[in-house]
Amino acid sequence: MAKFKGNDGHLNSSTLVNRRDLLRATAAFGAAVSVGGTAIAQPAIARTAVTQPDTAPPAGGDILIRGGHVLSMDPDIGDLAVGDVHISNGAIVAVGEGLDAPGAIVMDASDMIVLPGFVDTHSHLWNAFLRGSIRGDDPVRGYFPTTNRAAPLTTPDDAHASVRFGVLEALLSGTTCINNFSHNTRSLKHAEAEIEAARSLGIRSRFSHGPGGRDGTLDFASVEEVISNWGDADPLVTLGVNLRLPAADILQSGGDAETFVAEVRFARERGLPVSLHYGNSAHGLVDLMERHDLLGPDILMIHTQGFTLEERELMVSRDVQFSMSPAIEIPYSTVRNGYIQFAELEDLGASLGLSIDASSAVATADFFTVMRALQWSHKQRGDIDRMSLEPRRIVEIATLGGAAALGMGDRIGSLTAGKRADIQLVRKTDINMAPVLDPYFSLVYSGQPANVDTVIVDGHVLVSGGQPVMVDTADVVATASEAALRLHDELEAIIAKG
Ligand SMILES: [Zn+2]
């Protein structure tokens with residue numbers, strides 16, 4: 001784990017004197033940290049009392065990440081084989097070699113790769129807790145039948161438990177920002193439960209308010225209420241929408257899709273970015289959106305499969321953003337129109353991010369596997385004059401690319417002075433990583449969530465030594481499991497009734 005050092009930079013008895021500073025610096029979460037490999041007894045945590053992190057920066061709580069292999073993802077800075085990152089008041093203030101930061105708490109990163117946190121451009125956190133009920137592609141208990149059955153039964157409390165469960169897994173996997181594509185926003189209470197749950201763990205999130213179930217439409221009043229209550233409530237929470245697409249026969253006949261068009265315009269007028277699932281039945285969508293002047297940089301097109309060349313060129317020319325979920329898209333390639341069009345979009349210079357999609361199915365929340373899956377998908381293409389896909393580019397898509405796809409490229413995604421401090425430290429000495437010679441290859445070909453040692457969001461240390469600082473994992477798991485088991489019984493009863 002990253003060793004926290006005293007201000008003198010050495011691990012010694014004075015380190016323990018600084019324990020109080022350290023705990024303050026970890027945002028008073030009742031930190032579970034260790035200093036010099038020695039676990040420190042933590043202040044008692046009321047298991048259910050943590051509703052939101054103390055987002056106030058700790059007084060004098062600057063952090064200096066020292067001596068790591070820094071992958072800044074900033075082309076002007078590049079990589080530093082032995083570099084430092086100085087964080088102050090939640091922002092990165094300097095990245096360089098041998099930085100001086102008097103008074104800062106020093107984090108020894110000599111055995112670590114230091115890079116921006118992963119940006120998950122689309123996840124359905126409301127169903128993360130259904131993992132145990134989902135049985136691969138089983139026609140009765142697969143992902144789609146199970147989530148369709150569970151959606152109307154999911155209460156706001158269930159959604160809260162599931163989102164906490166999903167977000168904590170994501171944080172422990174090095175993800176610092178998630179676009180929560182909530183396509184089961186059944187009520188304002190459901191929406192606010194999901195927002196509160198993500199916020200309670202300190203992750204950076206976009207809540208993309210969706211329809212109430214897969215057949216629903218957007219509840220404008222609920223969206224307005226969410227804007228009113230959350231629009232400016234927390235700098236870590238931003239808002240958007242996700243929309244159900246028009247029916248296939250309407251799209252393919254070139255017919256009107258008034259509801260969809262009105263929903264996109266409603267969102268755009270309020271500055272809310274729009275996340276859309278492209279899919280098997282979406283042929284004609286790009287044409288419809290162009291006819292109504294709906295293509296733009298606030299549109300995130302998810303699942304880059306099945307587009308024609310003309311559609312790709314048109315969307316790129318309109319600055320549409322793209323999200324690929326390769327760990328899901330490979331096994332569901334037939335559902336989603338075949339191969340992932342990474343090479344085609346990369347060739348056009350498209351703005352690309354990666355995503356988990358559903359941690360309850362196939363991929364868990366493992367962003368390392370998602371990066372590998374992009375490589376697998378690309379290598380499998382025998383039908384194109386395949387360009388080389390270097391691991392550095394994949395890490396860039398997983399971090400800076402995702403930030404740009406969510407319109408946050410000016411705030412996060414790279415280790416750049418002035419950006420917010422969303423950072424992960426990955427151990428180089430773990431058995432599946434060592435020896436690390438090229439950190440990009442190691443991250444993409446060897447990395448696992450278990451190698452993520454430290455996760456920092458907006459300057460707050462949320463994960464230390466691979467453990468959450470502010471919550472008890474067992475508590476989060478127990479709460480989600482209890483809700484999931486209750487729901488599982490209900491689902492099985494429905495199946496038994498036929
Ligand atoms: Zn999805």
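Cβ crowding within 10 Å, taken as a proxy for footprinting-reagent exposure, orders S228, S281 from fewest neighbours to most as S228, S281. Hey, what does the equivalent ellipsoid look like for the chain, semi-axes from the Cα gyration tensor as sqrt of 5 times each eigenvalue, largest first, whole Å? Square roots of five times the eigenvalues give 37, 26, 21 Å. Counting only other residues whose beta carbon sits under 12 Å from that of G174, what net charge do I get with K and R as +1, D and E as -1? Cβ neighbours under 12 Å give a net charge of -4. Cβ crowding within 10 Å, taken as a proxy for footprinting-reagent exposure, orders K419, K497 from fewest neighbours to most as K497, K419.
Of all DSSP-defined beta bridges confined to the chain, some 45% are antiparallel rather than parallel.
Label-to-label distance, D249 versus R291, with points set 7 angstrom from Cα along the beta-carbon direction: 1.7 nm. Here's the picture: charge each Lys and Arg Cβ at +1 and each Asp and Glu Cβ at -1 in the chain, and of T217, L389, V106 the one pushed furthest to the positive end of that dipole is V106. Under 17 Å from a label point set 7 Å out along the Cα-to-Cβ vector of N148, the amide N atoms of the stretch 227-252 belong to 244-249. Calculated FRET efficiency, S281 to T429, Cβ-Cβ distance, R0 = 45 Å: about 0.40 to the nearest 0.05. When the helices in the chain are scored as -39500 (n - 2.57) per DSSP H run of 4 or longer and the sum is shared across all residues, what 222 nm value do you end up with, to the nearest 500 deg cm²/dmol? Computed ellipticity for the chain at 222 nm equals -9000 deg cm²/dmol.
Cβ-Cβ distance of Q380 and E346, R₀ of 22 Å, FRET efficiency by 1/(1 + (r/R0)^6): the value works out to about 0.90. May I ask which residue of V82, L406, S72 lies farthest towards the positive end of the charge dipole of the chain, with charges of +1 (Lys, Arg) and -1 (Asp, Glu) on Cβ and the Cα centre as origin? It is V82. Here A94 and T473 are evaluated by their C-beta separation; at R0 = 35 Å the FRET efficiency comes out at 0.60.
Potential lengthening of the chain between D256 and E482 amounts to 76.9 nm, from the contour at 0.36 nm per residue minus the alpha-carbon distance. Rg/Rh, computed from the Cα trace of the stretch 118-405 with Rh as the Kirkwood radius, has the value 0.94.
Given their separation in residues at 0.36 nm each and the Cα-Cα distance between them, Q448 and E492 gain 12.5 nm when the chain is fully extended.
Every read-out reported here was derived from the displayed coordinates using simple, explicitly stated rules and does not represent laboratory data. Not measured: the values here are computed from a predicted model. Cβ coordinates were reconstructed from backbone atoms using ideal geometry, including for glycine residues, and neighbour counts include every protein chain displayed.
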